């Protein structure tokens, strides 16, 4: 597994809409493995393919160590409630803001074995799923911030 470079804010790739994955190939699986290694190295919660320079609808989320969710062509099919919590991004280091997200989401996606599945998440998992799926549509978390956090507020967290 390779550690990939994480694209930083300002790179136009982060604002592009990703193309669907027509079929899972060995290249898709290698990308998922490399993204997982990159996510662990960066100590993040989620990572989307455009963050590593690939315009495909692929992302991973791992809110709890060892509980990795790989999503190919994900789509939010249900959402409920609302939460406002602090959020940051590996592509925007050192910047945090309060975002408004659903409290609960249900997502349909394809796994590495080309099987369709659904995953439900609330709280942090719901935020992470929404955050990473937003990346696939060229949306960065601060586009949805209700308030940016100051450095003093970030250090107090």
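The numbers here are math on the coordinates, done by the rules we state, and not lab data. Everything numeric in this text was worked out from a predicted model, so none of it was measured. Glycine also receives a Cβ, built like all others from the backbone with ideal geometry; neighbour counts cover every protein chain displayed.
Between the Cα long axis of helix 124-136 and the first principal axis of the chain there is an angle of about 70°, rounded to the nearest 10.
Placing a label point 7 Å from the Cα of residue 111 along the Cα-to-Cβ line, the residues of segment 58-77 whose backbone N sits under 13 Å from it are 68-72. Here semi-axes √(5λ) of the Cα gyration tensor in Å was calculated from the structure, and among [x] 32, 26, 15; [y] 24, 18, 14; [z] 26, 19, 14 it sits at label [y].
By how many degrees, 0 to 90 and rounded to 10, does the Cα axis of helix 26-42 deviate from the longest principal axis of the chain? On a 0 to 90 degree scale, this one is about 30. Counting only DSSP H runs of at least 4 residues, each contributing -39500 (n - 2.57), and dividing by the residue count of the chain, the helix-based mean residue ellipticity at 222 nm comes to -7000 deg cm²/dmol.
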